[in-house]
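A quick write-up on the structure given underneath.
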Amino acid sequence: QVRLVESGGGLVQSGGSLRLSCTASTDYYTINDMGWYRQAPGKQRELVATITSGGSTNYADSVKGRFTISRDNAKNTVYLQMNSLKPEYTAVYYCYAHLYRSYWGQGTQVTVSS
């Protein structure tokens, strides 16, 4: 069983920055894949970025060059540094972890005002 707790969302102006954090509570030492997805109102949940325990990353084209995902395996924590934010990035951001199956956090709201 894996429990994910997110933090760091909020309201920011266009062009600003936010940093999301997500810590996984688990009896296992290291989780395989972790990452972030987002869901805007009226839209489907979509990939933002993922990172493996070995540090390999994958980004959605829309955030490449603006977002950076990183993790601390010892803490089972994943981070998402979001820079140059745009209003279209407004969404609920969900932490994701995969350990034999997928787990999701409760979501954290990110609102970017124009």
In the stretch 55-78, what residues are surrounded by 11 or more Cβ atoms within 10 Å (Cβ to Cβ) and either in contact with a Pro (Cβ under 8 Å, 6 or more places away or on another chain) or among the aliphatic types (A, V, I, L, M) (or both)? ALA60, VAL63, ILE69, VAL78
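Counting only residues that are open to solvent by less than 60 Å² (accessible area, probe 1.4 Å) and on the phi < 0 side of the Ramachandran plot, how many does the stretch 102-114 have? So that I can check it myself, show each step before the final result.
First, the residues of the stretch 102-114 that are open to solvent by less than 60 Å² (accessible area, probe 1.4 Å): 102-103, 105, 107-108, 110-113.
Subset that is on the phi < 0 side of the Ramachandran plot: 102-103, 105, 108, 110-113.
Residues meeting the conditions: 8.
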Here are the criteria: (1) out of contact with any helix residue (DSSP H, G or I) (no Cβ under 6 Å at 6 or more places or on another chain); (2) among the hydroxyl-bearing types (Ser, Thr, Tyr); (3) in contact (Cβ under 8 Å) with a residue 24 or more places away in the chain. Tell me which single one SER56 does not satisfy. (3)
For a quick check of your reading of the model, give me the residue pairs whose first member lies in the stretch 69-87 and is of a type in the set (Lys, Arg) and at pLDDT 95 or above, whose second is open to solvent by less than 50 Å² (accessible area, probe 1.4 Å) and assigned to a strand (DSSP E or B), with beta-carbon atoms closer than 8 Å and at least 6 apart or on different chains. ARG71/MET34; ARG71/ILE51; ARG71/THR77; ARG71/VAL78; ARG71/TYR79; LYS86/VAL112
Is at least one residue of the stretch 79-101 within 22 Å of ASP33 (Cβ to Cβ), among the acidic types (Asp, Glu) and open to solvent by 10 Å² or more (accessible area, probe 1.4 Å)? no
Kindly establish whether GLY105 is of a type outside the set (Ser, Thr, Tyr), farther than 18 Å from LEU11 by Cα and in contact with a Cys (Cβ under 9 Å, 6 or more places away or on another chain). yes
For the stretch 61-85 the number of residues that are part of a loop (DSSP other than H, G, I, E, B) and touching a strand residue (DSSP E or B) at 6+ places or on another chain (Cβ under 6 Å) is 2
Residue pairs within 7 Å by beta carbon, gap of at least six or interchain, first lying in the stretch 97-114 and assigned to a loop (DSSP other than H, G, I, E, B), second hydrophobic (A, V, I, L, M, F, W, C), listed first then second, are LEU99/VAL2; LEU99/ILE31; GLY105/LEU4; GLY105/VAL5; GLY105/CYS22; GLY105/CYS95; GLY107/VAL92
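The values are calculated or read from the model by the stated rules, or taken from the named source; none is laboratory data. The structure presented is a predicted model; accordingly, all values stated were derived computationally and were not measured. Virtual Cβ from ideal backbone geometry, glycine too; neighbours counted across all protein chains shown. Remember, those area values only see protein heavy atoms, side chains included, never the ligands or the DNA or RNA. Shrake-Rupley method; radii C 1.70, N 1.55, O 1.52, S 1.80 Å.
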